[in-house]
């Protein structure tokens, strides 16, 4: 078996220090707690919205003069790539695919 050595040409200053790398999960946890705490406090603070009326504008059915997406486009567009990488091709290629029974009992 041949192994190929890869030269990355990295400077020591471009490599994360081992101490920092080993504490990455601790850093992420503390950052999440800090950001999450600020967000929850802002959202659920009773004083934040006390006595204020809701401010909103009634929107028309299709705002900004947007056309409704044609049914064929909405019903056939998907992100499942088991049949094709073309988003528009999957519906046609999977039309005869049977999902039941998924497994056969023997």
Extension gain (nm, one decimal) between residue 21 and residue 53, 0.36 nm per residue minus Cα-Cα: 6.7 nm
Theoretical gain in end-to-end length, residue 33 to residue 6 [0.36 nm per residue, Cα-Cα removed]: 5.8 nm
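No value in this document is a laboratory result; all are computed from the given coordinates. For clarity, every value in this text was computed on a predicted model and none was experimentally measured.
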